[in-house]
1. Inside region 73-127, can you point out the residues that are of a type in the set (Asp, Glu) and more than 17 Å from the chain's Cα centre (by Cα)?
2. Can you pull out every residue in region 93-110 that is part of a strand (DSSP E or B) and either within 11 Å of Ala61 (Cβ to Cβ) or not charged (D, E, K, R) (or both)?
3. Six or more apart or on different chains, Cβ atoms under 8 Å: show the pairs whose first residue is in region 65-83 and part of a strand (DSSP E or B) and whose second is open to solvent by 60 Å² or more (accessible area, probe 1.4 Å) and of a type in the set (Lys, Arg).
4. Filter region 84-127 down to the residues that are free of Cβ contacts under 8 Å to residues at least 60 places away in the same chain and basic (Lys, Arg), then identify the one that is surrounded by the most Cβ atoms within 10 Å (Cβ to Cβ).
5. Could you count how many residues in region 53-74 are among the small types (Gly, Ala, Ser) and at pLDDT 95 or above?
6. Six or more apart or on different chains, Cβ under 7 Å: which pairs go from a residue in region 36-49 that's over 10 Å from Gly127 (Cα atoms) and open to solvent by less than 30 Å² (accessible area, probe 1.4 Å) to one that's of a type in the set (Ser, Thr, Tyr) and outside any loop (DSSP other than H, G, I, E, B)? Could you list them?
Amino acid sequence: MKKRVFPLALVLALCLSLCAQAVTPRINNDFTYTPDLDVSGNTATCMVTVMGKESTAKITANISLQVKSGSGSYTTLCGWSTSGTKSLSFNKSDTDASISAGNCRMQYTITVTGSKGTDTVSGYVYG
């Protein structure tokens, strides 16, 4: 019985340490961001706002507007890249016959470089 307790305790301790690492924040720099997509008729408006805490934080954003095809996959209609220092505000629209509510999404990748390194966040906003 004693021979089984130590290995089981060791496995339990290893699992707990892995779980603790999984919840560690991966963001080094302090910043907030808000992505948004508004669809009205055949016009989609992509918006991204990023606010860094450091006045020297360099921010870049890559944004693309994508529409869903009949097969369910997405194709890119247009894309933009923008940058700023400490803050960034992006707002662009595109009008196309293939745009309608429920069949498009905005893909974004935001990179913030500050005194604590570089952070990148990305995702989708559906509209």
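1. Going residue by residue through region 73-127, those that are of a type in the set (Asp, Glu) are 94, 96, 119.
Within region 73-127, Asp94, Asp96 meet the criteria.
2. Listed by number, the residues that qualify are Ser93, Thr95, Cys104, Met106, Gln107, Tyr108, Thr109, Ile110.
3. Note: pairs meeting the criteria are Tyr74/Lys68; Trp80/Lys92; Ser83/Lys58.
4. Lys86
5. Narrowing region 53-74 to residues among the small types (Gly, Ala, Ser): 55, 57, 61, 64, 69-73.
From what is left, the residues that are at pLDDT 95 or above are 55, 57, 61, 64, 73.
The number of residues fulfilling the criteria is 5.
6. Val48/Tyr33; Val48/Tyr108
To keep it simple, each residue is scored yes or no on (1) charged (D, E, K, R); (2) under 12 Å from Leu37 (Cα atoms); (3) in contact with an Asp or Glu (Cβ under 8 Å, 6 or more places away or on another chain).
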site: Glu54; (1), (2), (3): yes, no, yes
site: Ala57; (1), (2), (3): no, no, no
site: Ser71; (1), (2), (3): no, no, no
site: Ser81; (1), (2), (3): no, no, no
site: Phe90; (1), (2), (3): no, yes, no
site: Asp94; (1), (2), (3): yes, yes, no
site: Ala101; (1), (2), (3): no, yes, no
site: Tyr108; (1), (2), (3): no, yes, no
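The values are calculated or read from the model by the stated rules, or taken from the named source; none is laboratory data. All of these numbers come straight from a predicted model, not from anything done at the bench. As a convention, Cβ positions derive from the backbone with ideal geometry for all residues, glycine included, and neighbour counts pool all protein chains shown. Note: areas computed on protein heavy atoms with side chains; ligands, DNA, RNA excluded. Shrake-Rupley method; radii C 1.70, N 1.55, O 1.52, S 1.80 Å.
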